[in-house]
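Notes follow once the structure below has been shown.
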Amino acid sequence: MKVKLRIVYPTGYVERPILAEAILTTGIKMNILEATLDARSGELIASLEAEEPEIERLVGFLRDRGVKVERIVGMLKVDKDRCIDCGACVSICPVQAIEISEDWSVRFDEDRCVGCGACVRACPMKAVTLV
Ligand code: SF4
Ligand code: SF4
């Protein structure tokens, strides 16, 4: 199954190679969709694909080391009948999950979406909802 995780490093943890250890220990590869780091703390949004027991092992590994982990749940629904392809949602997406196709229609990549809701608020046609 595919999941997205929000991984939050508390103050003083960013210099520890916790994520690298988690990947080496569990063998689960992650795709980092978004990262906000400074010298003291940080937050990552990662997507990965694994069986449920492996995901639980990874989450447990991180939590045991003091890192906060949350699953991102929520599904993006786009009503193409309402959408006018205005593009107002494209640049506002923090993980580039929305793009303009060659035919100038707007396309959403649900695998990249981290459910922030920015496009929902930006859409003048109320064409986007998070379930
Ligand atoms: S909710 Fe919208 S703006 Fe936020 S990540 Fe998903 S597609 Fe991008
Ligand atoms: S902001 Fe709304 S109407 Fe405009 S392209 Fe995005 S989903 Fe479509």
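Readers should treat all values here as calculations from the given coordinates under stated rules, not as data from a laboratory. Not measured: the values here are computed from a predicted model. Methodologically, a virtual Cβ is constructed for each residue, glycine included, from the backbone with ideal geometry; neighbour enumeration extends over all protein chains shown.
Other residues whose C-beta falls under 15 angstrom from the C-beta of GLY117 contribute a net charge of +4, scoring Lys and Arg +1 and Asp and Glu -1. Couplings for region 36-45, taken from phi via the Karplus curve 6.51 cos²θ - 1.76 cosθ + 1.60 with θ = phi - 60°, read 10, 10, 10, 5, 10, 9, x, 9, 10, 10 Hz in order; Gly and Pro are left as x.
Sorting SER47, SER101 from the fewest to the most surrounding beta carbons within 10 angstrom yields SER101, SER47. A convex hull fitted around the alpha carbon atoms of the chain yields 118 Å³ per residue. Ranking GLN96, SER47, MET125 by how far each Cα lies toward the positive end of the dipole of the chain (charges on Cβ) leaves MET125 at the top.
Between ARG107 and ALA88, the modelled labels are 2.4 nm apart [label points 7 Å from Cα along Cα→Cβ]. Computed from Cα atoms, the angle from the helix 52-64 axis to the main principal axis of the chain rounds to 60 degrees. Structural descriptor for the chain: relative contact order 26 percent, calculated from alpha carbon pairs under 8 angstrom and at least 6 residues apart. Under a Gaussian network description of the chain, with springs only between Cα atoms under 10 Å, the residue in ALA22, ALA97, ALA39 that fluctuates furthest is ALA39. Annotation: cysteines of the chain without a disulfide-compatible partner (Cβ-Cβ under 4.7 angstrom) are CYS83, CYS86, CYS93, CYS113, CYS116, CYS123. Listed by chain and number, the lysines whose alpha-carbon sits under 27 Å from that of LYS77, ignoring those within fewer than 8 places in the same chain, are LYS2, LYS4, LYS126. Count the net charge of all other residues whose Cβ sits under 11 Å from the Cβ of ASN31, scoring Lys and Arg as +1 and Asp and Glu as -1. Around ASN31, the surrounding residues sum to +1. In this simple spin-label approximation, GLU21 and VAL73 carry label points 7 Å from Cα along the Cα→Cβ vector, and these lie 3.0 nm apart.
Which trypsin sites (Lys or Arg not before Pro) in region 8-63 pass both tests, a DSSP loop state and at most 14 other beta-carbon atoms within 10 Å? All intermediate terms of the calculation are to be shown ahead of the outcome.
Values: sites: LYS29, ARG40, ARG57, ARG63; in loops: LYS29, ARG40.
Of the trypsin sites (Lys or Arg not before Pro), the ones in loops of region 8-63 whose Cβ has at most 14 other Cβ atoms within 10 Å are LYS29, ARG40.
Amide H contacts under 5 Å for ILE28: none, restricted to partners 5 or more places along the chain or on a different chain, H placed in the peptide plane at 1.01 Å from N. Among residues other than CYS83 with Cβ under 13 Å from its Cβ, the summed charge is +2 (Lys and Arg +1, Asp and Glu -1). Using the Cβ-Cβ distance between ALA35 and MET125 with R0 set to 25 Å, the FRET efficiency from 1/(1 + (r/R0)^6) comes to roughly 0.20. Residues considered: ILE55, ILE100, ILE32. Largest GNM mean-square fluctuation over the chain, using C-alpha springs under 10 Å, is found at ILE100. Highest mobility in the GNM of the chain, judged by mean-square fluctuation with C-alpha springs under 10 Å and restricted to GLU56, GLU99, GLU34, is found for GLU56. Restricting the calculation to Cα atoms, region 74-131 yields a radius of gyration followed by a Dmax of 10.1, 28 Å.
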